[in-house]
Amino acid sequence: MRSLLVVVCVSLMASSAVGHPLDMSTLNVQVEQDRVLQTLTIRNDSIDALLGPGWPDLAPDQLMTAVFSATLAASQLSAGGEPCELVPLEIEPGDGNFHLSASASCPARGPLKQRFGYLQRVKGEGQTLIVLSDVDGEPGRQVADAANPDLTFVRKGQAEQGLLAFIRMGVEHIFTGYDHLVFLLGLLLAGSSLRRLLVVVTSFTVAHSISLALAALSVVSLPSRWVESAIALSIIVVAALNLMGSKGDKRWMLAFGFGLIHGFGFASALGELGLSRSELTGALFGFNVGVELGQAALVLVALPLLVLLRRSRFAHRVELALCLASIGVGLYWFCLRAVLPSVAGGA
């Protein structure tokens, strides 16, 4: 009974929030624990576009099945990555439109995601869907259209959980991204003083934050094969400069340039998730924070060890071995990514 009252209230919100209720379709979404109730108000001309001109001759049950199959059934509802199956309940005629109700049982974990791909098959203002939601008592309003058909409904407390998940993902990406670790080690080996080291690391951080944002938001796009090959090349260049004893004040410029390239590499991890544009801002922020935390942890652990190393009589030999090993690993990665991309599995 409570769910029905909420749906009625949200329906009233729809009529006041949309100046011309017949100009656009609306979807009322009620989420309470593991139950999802949706009511789609769809215009008659949109039904024409989806079913053809013969739909008025269909019996009510046939019409409900046909409209449901063409809209909500194909909308790909999921919770926490697990698909949810919507089931049609009833369809009622309105003033120039129909109201289709459906429900689903979804796991009460993770954000709800829904893709309204059917909007690409209708024309004009029918391509716009006003979505009014009540998720665990939290009202919301979103818009889906043919160009942006993906929507996310976040449950109570899960925005913070999602942010923490992306922070953790950023930390894990640094610690499992061995090419980034080797490059960062090369930067640390080049530090002739603490001040210069901080400048170099800060330059690298600012640069990869910029390119990470540009790539994640699709402002700049580079082929992954070029990016990964350039990352391998950056390791070789930094290690070679360390071998030659080049530790000048302008090393920060090199760190900035290569930092831009590494940022595109970081962005590939987010790109693999297939996030919608509305999800990217929070994901990008959390992931970048995680990358910085992982990087800071590495510097805090490695820096005292390097200080101790340089006080040892074996310092030169160890640094020489580390530089040669970095060049060898960089060459291996470069050949694998640039010369033999099919072996690396890249493009």
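The values are calculated or read from the model by the stated rules, or taken from the named source; none is laboratory data. Being a predicted model, the structure only gives us computed values, none of them experimental. Note: ideal-geometry Cβ built from the backbone for every residue, glycine included; neighbour counts use all protein chains shown.
Cβ-Cβ contacts under 7 Å between residues 6 or more apart (or on different chains), taken from a first residue in the range 108-128 that is within 15 Å of Asp48 (Cβ to Cβ) to a second residue that is among the β-branched types (Val, Ile, Thr) and at pLDDT 85 or above, are listed as Tyr118/Thr71. If you take the residues of the range 66-107 that are in contact (Cβ under 8 Å) with a residue 12 or more places away in the chain and in a helix (DSSP H, G or I), which of them is farthest from Asp34 (Cα to Cα)? Top of the filtered list is Ala66. The residues on offer are Arg35, Arg43, and the sole one that is of a type in the set (Lys, Arg), crowded, with 18+ Cβ neighbours inside 10 Å and in contact with a strand residue (DSSP E or B) (Cβ under 8 Å, 6 or more places away or on another chain) is Arg43. From the list Val329, Val307, Val301, the one residue that fits, being assigned to a helix (DSSP H, G or I), over 19 Å from Phe175 (Cα atoms) and among the hydrophobic types (A, V, I, L, M, F, W, C), is Val307. Pairing residues of the range 280-295 that are small (Gly, Ala, Ser) with residues that are not in a helix (DSSP H, G or I), at Cβ distances under 6 Å and at least 6 apart in sequence or on separate chains, gives Ala283/Leu275.
Here is a yes/no grid of residues against (1) loosely packed, with under 15 Cβ neighbours inside 10 Å; (2) more than 22 Å from the chain's Cα centre (by Cα); (3) of a type in the set (A, V, I, L, M, F, W, C):
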residue	(1), (2), (3)
Ile174	no, no, yes
Val182	no, yes, yes
Leu187	no, yes, yes
Thr205	no, no, no
Arg225	yes, no, no
Glu228	no, no, no
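Counting residues in the range 247-257 that are without any contact (Cβ under 8 Å) to a residue 24 or more places away in the chain and in a helix (DSSP H, G or I) gives one or more.
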